[in-house]
Amino acid sequence: MTSSPSDLSFDAAHRDAVQPGVARTRITVATWDHDRAVPVLKGDVPVPGFVVEPHVLPTTQLFPIAVNEARFDVTELSLSSYMLQVSRGTCAYTAIPVYLARAFRHNGFFTRAGSGIRTLADLKGRTVGVPEYQMTAALWMRGILKDDHGIDATDLTWRTGALDQGIRNERLELDAPPNLSITPIAAGETLQDLLLSGQVDALLAPNPPRAFRDGDPRIVRILPDFPRAEEDYHRRTGFFPIMHLIAVKKDLVAAHPGLPRALFDAFSAARDIALTRLEDVWLGSANRLSLPWLNAAMERTRGAMGRHYWPYGFRAARAELETACRYSVEQHLSRRALTPEELFYPDLLDT
């Protein structure tokens, strides 16, 4: 079921009043409530020629809908799942180079205190838990293990399932070769519990496990000084790992070939609004954001990445996308080698 908070609810009469008498096509747009998406969802940034009907869902709910149902006209989409479907020729969407979610991932390597795992190189030969093998966070984390430590995906035994609560399944069926061991955990189990009991040695976690957040000393980060590791990674590679894209249905693009460019422009404007707002909050005389060290975070981000630290567009991201395509093949996700160009609507390759 979709969730539309009251301030993002669809009001067709109000939207139509903005341009009375202009025929426009209604499109459903589904994302999580990222600050860089909300101006489009609320209609503060219009998509010329279209009326946006917003749908706000957490990505754990949205991504299975996107890859299995293609329910929404425009959707936030996992980069890794998208590449997998493109390689199989089964994707109903084409992407635009709006990277709605990016995240550094050195912070997500966890182990059990006393496991003997002190560095990422110590993971070789171990049993590792991950919510979904195909998830984009894991794609980048396995890429780090491969490129920086020589550890292939087949050098590890994989367990998949819920991190610390609920149930989690792969959103798409995998084609794992015989030498790649991927086994779902049993119903009622969590990866956190298996780590604590010694049945898995480490976790690749998109967010810290609940026990770690609660201060349980038995779960520790493999890289305690992860900010330094992530800054070094960015300095060496230039990458700010792309997690999620915006994608639009191919049949809708066929009927409205100008829609991808209109969406790219709208989401770019929405990002600019969000970053300007964040800067205003940062530089305000009173801290309106509930973060005590906001100044430190902003100054560190600007110092490491510059003012334009959340770029959209194809050309500047090509090397990063090429690396993600390589990882997808190396990790036995994509069925064939992909090029970055084939991931996006061709008219946006100039961005």
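For the stretch 73-122, the tally of residues that are free of Cβ contacts under 8 Å to residues at least 60 places away in the same chain and among the hydroxyl-bearing types (S, T, Y) stands at 1. From the residues in the stretch 153-193 that are in contact with an Asp or Glu (Cβ under 8 Å, 6 or more places away or on another chain) and of a type in the set (S, T, N, Q), which one is most open to solvent (accessible area, probe 1.4 Å)? Per the criteria, the residue is N169.
Scanning the stretch 162-209 for residues that are of a type in the set (A, V, I, L, M), within 25 Å of I151 (Cα to Cα) and out of contact with any strand residue (DSSP E or B) (no Cβ under 9 Å at 6 or more places or on another chain) yields a count of 2.
If I filter the stretch 326-341 down to residues being in a helix (DSSP H, G or I) and more than 19 Å from the chain's Cα centre (by Cα), which single residue comes out as farthest from A37 (Cα to Cα)? That would be E330. When we screen D201, D225 for residues that are touching a residue at least 60 places away in the same chain (Cβ under 8 Å) and farther than 27 Å from A30 by Cβ, the only hit is D201.
When residues of the stretch 307-324 are filtered for being closer than 21 Å to T90 by Cβ and either touching a Ser or Thr at 6+ places or on another chain (Cβ under 7 Å) or surrounded by fewer than 17 Cβ atoms within 10 Å (Cβ to Cβ) (or both), how many remain?
Quick first cut of the stretch 307-324, residues closer than 21 Å to T90 by Cβ only: 321, 324.
In the following step, the residues that additionally are either touching a Ser or Thr at 6+ places or on another chain (Cβ under 7 Å) or surrounded by fewer than 17 Cβ atoms within 10 Å (Cβ to Cβ) (or both) were identified as none.
Residues that pass the stated criteria total 0.
When the stretch 122-140 is filtered for residues that are within 13 Å of the chain's Cα centre (by Cα), buried (at least 24 other Cβ atoms within 10 Å of the Cβ) and not in a loop (DSSP other than H, G, I, E, B), the ones remaining, listed by number, are T136, A138, L139, W140. For the stretch 48-80, residues that are open to solvent by 30 Å² or more (accessible area, probe 1.4 Å), acidic (D, E) and within 14 Å of the chain's Cα centre (by Cα) total 0. Do the conditions hold for I144, that is, is it among the β-branched types (V, I, T), more than 30 Å from A262 (Cβ to Cβ) and in contact with a Ser or Thr (Cβ under 7 Å, 6 or more places away or on another chain)? Answer is no for this residue. Right, T276: assigned to a helix (DSSP H, G or I), under 19 Å from E230 (Cα atoms) and open to solvent by less than 90 Å² (accessible area, probe 1.4 Å) or not? So T276 fails the test. Comparison of V200, V248 shows that the only residue that is outside any loop (DSSP other than H, G, I, E, B) and of a type in the set (V, I, T) is V248. Regarding S197, is this residue of a type in the set (S, T, Y), touching a Phe, Trp or Tyr at 6+ places or on another chain (Cβ under 7 Å) and loosely packed, with under 15 Cβ neighbours inside 10 Å? In short, no. Being surrounded by fewer than 19 Cβ atoms within 10 Å (Cβ to Cβ) and touching a His at 6+ places or on another chain (Cβ under 9 Å) is the filter; apply it to the stretch 103-121 and report the residue that is nearest to E230 (Cα to Cα). Once the filter is applied, the top-ranked residue is F104. Number of residues in the stretch 292-325 that are assigned to a helix (DSSP H, G or I), within 30 Å of A153 (Cβ to Cβ) and in contact (Cβ under 8 Å) with a residue 60 or more places away in the chain equals 9. Selection of first residues in the stretch 234-261 that are on the phi < 0 side of the Ramachandran plot and at pLDDT 95 or above and of second residues that are open to solvent by 30 Å² or more (accessible area, probe 1.4 Å) and aliphatic (A, V, I, L, M), restricted to Cβ pairs under 6 Å at least 6 apart or on distinct chains, gives the following pairs, ordered by first then second residue: K249/A92.
I'd like the full set of residues that are under 24 Å from A316 (Cα atoms), touching a strand residue (DSSP E or B) at 6+ places or on another chain (Cβ under 6 Å) and open to solvent by 10 Å² or more (accessible area, probe 1.4 Å), limited to the stretch 210-252. Matches in the stretch 210-252: F240, H244.
The values are calculated or read from the model by the stated rules, or taken from the named source; none is laboratory data. Treat the numbers as computed from the prediction; the structure is a model and nothing was measured. When we count neighbours, we look across all protein chains shown, and the Cβ atoms used for this are built from the backbone with ideal geometry, even at glycine. Heads up: the accessible areas ignore ligands, DNA and RNA and are worked out on the full protein's heavy atoms, side chains in. Shrake-Rupley method; radii C 1.70, N 1.55, O 1.52, S 1.80 Å.
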